[in-house]
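Student: Have a look at this one before I ask anything.
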Ligand SMILES: Cc1cc2nc3c(=O)[nH]c(=O)nc-3n(C[C@H](O)[C@H](O)[C@H](O)COP(=O)(O)OP(=O)(O)OC[C@H]3O[C@@H](n4cnc5c(N)ncnc54)[C@H](O)[C@@H]3O)c2cc1C
Ligand SMILES: Cc1cc2nc3c(=O)[nH]c(=O)nc-3n(C[C@H](O)[C@H](O)[C@H](O)COP(=O)(O)O)c2cc1C
Ligand code: FES
């Protein structure tokens, strides 16, 4: 028996729940040298902004215990060149394509999604609401429920693609934000983006990143991500996509147990370019071994301690 | 799909001096495709400590034996673990990655500048040129280290018959001072031809910054091989960039070899 790994978000059906996370997979081409990209549930692009961005000064990354910090600064080709230069490659794949969108004002998000509207080869949008809102004095859209609502609502009103809202963990209560974007019309939420962190070179008495702080990712953040996915999945009705430190099949299964319908591999791609496809295979094997017809039968099936 | 992860088999581990090691690894795919300047990205173990891969220049290749060599210095936990590996162990490899040096034509000269471990890719360049029957007398190598006992492979280099200029920072052997100073003096005294000569350099960033300034000043056709922290090593994350006159470039994919006149090092 071949287990059913398929998952739906909005009207879009994915062959399996394994995605690759924004910013860790470029625009797909590089890793296409290592395996057949069609094996993946979907590819998520680097965040696309209205204009091309050069990104932050180097050094942009550094390794930390069981993780890494990055301050890439949303370096990307901009929406126009994305459509001209990167989309043709993605369009030719059989796998689903999710375009991640970022901006520093609601107007910028809206302009980008308008330019992406109706373009062949795009299946969904993931809205990165972890960027600072320039107009609101630099607070991130993702840290205030009202801002998050306004941003996703504006995107919803200007796009026909299903929308995933990507949530920041750098907030007091992620569930509140998740409920706000659900209310605004998001078809799914993905969490978590990176946690704000910092590393210091004691000898030089300098921060290790030119930007001073950066985003922490990798196995170090998995427990935080699991807790947030679990809490969020208890409260929202839309699918939850879990990510943060997923390195292998076991990690992926833990996220599904905690309530995730899909998972993303980020830093894991760097450690092993084949990490994501191995998880697709691993999920299949797990279902066969445990006689599960559908992977989704496992979703949220965490056995909670009871007082007896 | 032209690139594959490969489990290399460690054929030998040699300690060449204080914290200096040479590994010979059996890897058909790397040894078949490697070119001077390419690097490989490897995992030193299966744990999350360290988490990320480490980049090393491909140092020597023996195509018939399906093997290649790495030359490295222990500078932190990753290289420490690598130095403790035993013959027969497997190593998880990606490669060959990055671009490669563009080679001189038969009637051109080649001048190479190596600082410390920068000798790793440059010695590979020398041996490939000699393999292509390039006249050893048309190759000059400027090799600088801090002190005499950091010299690597000097016997191997001497036996190739190329011209060798040595410098140590403490003056314990050869010229006393930086290799770039010796190089600059030779250029200024016109003892080095700059026409129909290709220059190549690899070493610490400070040295390459100097080389880049000298290259601009003397309009040298000079290629430098850079290092950078590389999370992915394949061009996907934008984490390893270097500033150039054409904007930020990825050291792992657009490099590691760049035109010395184009990079902006600080
Ligand atoms: C293209 C390329 C080729 C290289 N070739 C060689 C070689 O032939 N021989 C050799 O001895 N070394 C070489 N290096 C440097 C080598 O990658 C580092 O010395 C090594 O990563 C240090 O790891 P560590 O865990 O021992 O040290 P740590 O300092 O603990 O490493 C911590 C982090 O910093 C990174 N890092 C530290 N130093 C460097 C550096 N100089 N360059 C890039 N990343 C660094 C590591 O990858 C890791 O992410 C090369 C680097 C690059 C990018
Ligand atoms: C180098 C790097 C670049 C990233 N760039 C983006 C980005 O452009 N947009 C985004 O929404 N998330 C970005 N992220 C965050 C990841 O998509 C992911 O949310 C995070 O790394 C946690 O997952 P992980 O632990 O599996 O890496 C980036 C992460 C890394 C490591
Ligand atoms: S290391 Fe990721 S782009 Fe170079």
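The values are calculated or read from the model by the stated rules, or taken from the named source; none is laboratory data. The model shown is predicted, which means the values in this text are computed figures rather than measured ones. Here Cβ is always computed from backbone atoms with ideal geometry, including for glycine, and neighbour counts include all displayed protein chains.
Student: Given the conditions (1) within 29 Å of residue B:177 (Cβ to Cβ); (2) within 14 Å of another protein chain (Cβ to nearest Cβ); (3) crowded, with 17+ Cβ neighbours inside 10 Å; (4) in contact (Cβ under 8 Å) with a residue 40 or more places away in the chain, which single one is not true for residue B:266?
Tutor: The failed condition is (3).
Student: Mind checking which residues of the stretch A:38-55 are surrounded by 19 or more Cβ atoms within 10 Å (Cβ to Cβ) and facing chain B (nearest Cβ under 9 Å)?
Tutor: Across the stretch A:38-55, the qualifying residues are A:46, A:55.
Student: While we're looking at this one, here's another question. Select, from A:245, A:218, the only residue that is surrounded by 22 or more Cβ atoms within 10 Å (Cβ to Cβ) and more than 16 Å from ligand 1 (Cβ to nearest atom).
Tutor: A:245 is the lone residue from the list that is surrounded by 22 or more Cβ atoms within 10 Å (Cβ to Cβ) and more than 16 Å from ligand 1 (Cβ to nearest atom).
Student: I would also like to ask the following. Exactly one of (1) buried (at least 21 other Cβ atoms within 10 Å of the Cβ); (2) farther than 19 Å from residue B:89 by Cα is unmet by residue B:63. Its number?
Tutor: With (1) buried (at least 21 other Cβ atoms within 10 Å of the Cβ); (2) farther than 19 Å from residue B:89 by Cα applied to residue B:63, the lone miss is (1).
Student: Hey, could you check the stretch B:29-45 for residues that are under 30 Å from residue A:220 (Cβ atoms) and either at pLDDT below 95 or not in a loop (DSSP other than H, G, I, E, B) (or both) and say which is farthest from ligand 1 (Cβ to nearest atom)?
Tutor: B:43
Student: Cβ-Cβ below 8 Å, separation at least six or inter-chain, first residue in the stretch B:43-55 and more than 7 Å from chain A (Cβ to nearest Cβ) and under 14 Å from residue A:269 (Cα atoms), second surrounded by 21 or more Cβ atoms within 10 Å (Cβ to Cβ) and modelled with pLDDT under 95: which pairs?
Tutor: none
Student: Still on this structure, please answer the following. Here is a check on your reading of the model: is residue B:193 assigned by TED's automatic domain parsing to the domain that holds residue B:73, surrounded by fewer than 21 Cβ atoms within 10 Å (Cβ to Cβ) and touching a residue at least 12 places away in the same chain (Cβ under 8 Å)? I'd like the intermediate steps shown before the answer.
Tutor: On the way: assigned by TED's automatic domain parsing to the domain that holds residue B:73: no; surrounded by fewer than 21 Cβ atoms within 10 Å (Cβ to Cβ): yes; touching a residue at least 12 places away in the same chain (Cβ under 8 Å): yes.
Spelling it out, it is not the case that residue B:193 is assigned by TED's automatic domain parsing to the domain that holds residue B:73, surrounded by fewer than 21 Cβ atoms within 10 Å (Cβ to Cβ) and touching a residue at least 12 places away in the same chain (Cβ under 8 Å).
Student: Something else now. Does residue A:25 satisfy the condition of being closer than 23 Å to residue A:115 by Cβ, in contact (Cβ under 8 Å) with a residue 40 or more places away in the chain and in a helix (DSSP H, G or I)?
Tutor: So residue A:25 fails the test.
Student: What is the residue count in the stretch A:24-37 for residues that are under 25 Å from residue A:70 (Cα atoms) and at the interface with chain B (Cβ under 7 Å from one of its Cβ atoms)?
Tutor: Matching residues across the stretch A:24-37 total 7.
Student: May I pose another question? Looking at (1) in a helix (DSSP H, G or I); (2) over 26 Å from residue A:271 (Cβ atoms); (3) in contact with a strand residue (DSSP E or B) (Cβ under 6 Å, 6 or more places away or on another chain), can you tell me which one residue A:238 breaks?
Tutor: Of (1) in a helix (DSSP H, G or I); (2) over 26 Å from residue A:271 (Cβ atoms); (3) in contact with a strand residue (DSSP E or B) (Cβ under 6 Å, 6 or more places away or on another chain), only one is false for residue A:238: (1).
Student: Turning to a different aspect of this structure: Given (1) surrounded by 22 or more Cβ atoms within 10 Å (Cβ to Cβ); (2) at pLDDT below 95, identify the lone condition not met by residue A:192.
Tutor: In the conditions (1) surrounded by 22 or more Cβ atoms within 10 Å (Cβ to Cβ); (2) at pLDDT below 95, residue A:192 misses (2) alone.
Student: Would you tally the residues in the stretch B:57-90 being within 16 Å of ligand 3 (Cβ to nearest atom) and within 14 Å of chain A (Cβ to nearest Cβ)?
Tutor: 1
Student: For residue A:17, only one of the following conditions fails: (1) more than 15 Å from ligand 3 (Cβ to nearest atom); (2) over 14 Å from the mean Cα position of the chain (by Cα). What is its number?
Tutor: Going through the list (1) more than 15 Å from ligand 3 (Cβ to nearest atom); (2) over 14 Å from the mean Cα position of the chain (by Cα), residue A:17 breaks only (2).
Student: Still on this structure, please answer the following. Within the stretch A:58-67, can you find the residues that are in contact with a strand residue (DSSP E or B) (Cβ under 6 Å, 6 or more places away or on another chain), within 14 Å of ligand 3 (Cβ to nearest atom) and in a strand (DSSP E or B)?
Tutor: Correct list: A:61, A:62.
Student: Can you tell me how many residues in the stretch B:229-254 are outside any strand (DSSP E or B), surrounded by 24 or more Cβ atoms within 10 Å (Cβ to Cβ) and within 14 Å of ligand 1 (Cβ to nearest atom)?
Tutor: 10
Student: When only residues in the stretch B:210-228 that are in contact with a strand residue (DSSP E or B) (Cβ under 7 Å, 6 or more places away or on another chain) and in a loop (DSSP other than H, G, I, E, B) count, which is nearest to ligand 1 (Cβ to nearest atom)?
Tutor: B:228
Student: Also: I'm trying to understand the selection: among the residues of the stretch B:216-250, which are within 10 Å of chain A (Cβ to nearest Cβ), over 20 Å from residue B:5 (Cβ atoms) and in contact (Cβ under 8 Å) with a residue 40 or more places away in the chain?
Tutor: None - no residue of the stretch B:216-250 is within 10 Å of chain A (Cβ to nearest Cβ), over 20 Å from residue B:5 (Cβ atoms) and in contact (Cβ under 8 Å) with a residue 40 or more places away in the chain, so the list stays empty.
Student: In the stretch A:245-308, which helices (runs of 4 or more DSSP H) lie fully inside it and hold 2 or more residues that are within 15 Å of the chain's Cα centre (by Cα)?
Tutor: In the stretch A:245-308, A:249-257, A:267-271 are the helices (runs of 4 or more DSSP H) which contain 2 or more residues that are within 15 Å of the chain's Cα centre (by Cα).
Student: Exactly one of these conditions fails for residue A:69: (1) within 16 Å of the chain's Cα centre (by Cα); (2) more than 17 Å from residue A:283 (Cα to Cα); (3) buried (at least 23 other Cβ atoms within 10 Å of the Cβ). Give me its number.
Tutor: Single failed check for residue A:69: (1).
Student: Check whether at least one residue in the stretch A:223-232 is buried (at least 24 other Cβ atoms within 10 Å of the Cβ), without any contact (Cβ under 8 Å) to a residue 40 or more places away in the chain, more than 22 Å from residue A:2 (Cα to Cα) and in contact with a helix residue (DSSP H, G or I) (Cβ under 9 Å, 6 or more places away or on another chain), and report yes or no.
Tutor: yes
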